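Single-structure report; data block below.
The values are calculated or read from the model by the stated rules, or taken from the named source; none is laboratory data. Nothing here was measured: the structure is a model prediction, and the numbers come from that model. Just so you know, the surface numbers come from the protein's heavy atoms only, side chains and all, with ligands and any DNA or RNA stripped out. Shrake-Rupley method; radii C 1.70, N 1.55, O 1.52, S 1.80 Å.
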Amino acid sequence: MSTTAHAIAAPGPGAPLEQTTIQRRDLRPDDVLIDIAYAGICHSDIHQARGEWGEAIFPMVPGHEIAGTVAAVGSAVTEYQVGDRVGVGCMVDSCGECDYCLADTEQFCVKGNVQTYNGVGFDGENTYGGYSRQVVVKDAFVCRIPEGIGLDVAAPLLCAGITTYSPLRQWGAGPGKKVAVVGLGGLGHVAVKLAAAMGAEVTVLSQSLKKQEDGKRLGAAEYHATADEATFDVLRGRFDLILNTVSAQIPVDAYLGLLRVGGAMVNVGAPGEPLSYNAFSLIAGNKALAGSMIGGIAETQEMLDFCAEHGIGADIETISAADVNDAYERVAASDVRYRFVIDTATIGA
Ligand SMILES: [Zn+2]
Ligand SMILES: [Zn+2]
């Protein structure tokens, strides 16, 4: 039997979200039915619900920061049992056979990973995300949320957590390394916690000093305003790694000037217009300008385990279903510290 699930959907691009019901598929042998407890609101949900990233599937049920408990399992599922605490992030399937899937980097599957929402499964069915009371997901794309992290503060880790954990690991954030996090928003605030827990010395680079106290509380040793030009002189040649979480135009050359020789600047934010830089900003210092896209499922599990070990969750503001449209406005205005999480029990209640 398929499951009728309460959900919050955008009926069309830019239309206000509204409560509705959707069908979740019958459990296949390798499927897990999850009672969702909390769903984070990621900025990319808003871009997609507003049709700002091109072709999109409507009605759309956004949400790829999902935390809940297992309600039922298919006949072939051995990893999970009813009652287990679990999470789902940005993808729900991949081919499982290509080089990238075999290397635990399913996000780069050559057949294309199946996105948690606004995607089409290999069965041809549209996918619907976490703003819902239930979801059915293939077991290999479910992660375990360890005891010791609340499901509410864990939900945003499934996107914001892995998106920042993966590049910090790839580029060696750790003891003796100086890491700058650009932007203290949904991604940035988790990045500061993670980099500090990894043992790096963390500096926040934010437009203004407005959130300075928060930055220090989250684990940053220093906090500088990028609106102040002196910042770029004071910090010249300072960092091993700059993690850029902002989706806006930035003077790339000025930021590259903050790197030590051999340092790297990694982008996880994506501005609408191309960024430009002078090649000499890289050449004169063997520097790297890079990107990073979420992380594979194994690495997502590693991130959740790391967060449990270090007591890391997102800083959240919990909202009910009725507040989602207001929350979208506030995220678009950067007016949230630092992630909205929907209490999904309020959907259809
Ligand atoms: Zn996201
Ligand atoms: Zn693949």
Hey, any idea what % of segment 161-291's accessible area is carbon plus sulfur with a 1.4 Å probe? 50
Theoretical gain in end-to-end length, Phe108 to Gln207 [0.36 nm per residue, Cα-Cα removed]: 32.4 nm
Added length on full extension, which subtracts the Cα-Cα distance from 0.36 nm per residue, Gln81 to Ala288: 70.1 nm
Whole-Hz Karplus ³J(HN,Hα) for segment 234-244, in order, using 6.51 cos²θ - 1.76 cosθ + 1.60 and θ = phi - 60°, x for Gly and Pro? 4, 9, 3, x, 7, 9, 7, 8, 10, 9, 9
What whole-number distance in Å separates the alpha-carbon centres of segment 282-349 and segment 85-101? 19
Probe 1.4 Å, protein heavy atoms only - accessible area per residue of the chain in square angstrom: 42
Residue-averaged [θ]222 nm for the chain, counting only DSSP H segments that reach four residues, each worth -39500 (n - 2.57): -6000 deg cm²/dmol
Roughly how many Å² of Ile283 are accessible to a 1.4 Å probe, to the nearest 10? 110
Looking only at lysines whose Cα falls under 27 Å of Lys211's and that sit 8 or more positions away or on another chain, we get Lys177, Lys178, Lys193
Using the alpha-carbon atoms, what tilt in degrees (0 to 90, nearest 10) does helix 160-170 show relative to the longest principal axis of the chain? 50
Using a/c under 1.5 as the rounded threshold, could you call the chain rounded, prolate or oblate? The axes a ≥ b ≥ c are square roots of the C-alpha gyration tensor eigenvalues, and prolate needs a/b larger than b/c, oblate otherwise. prolate
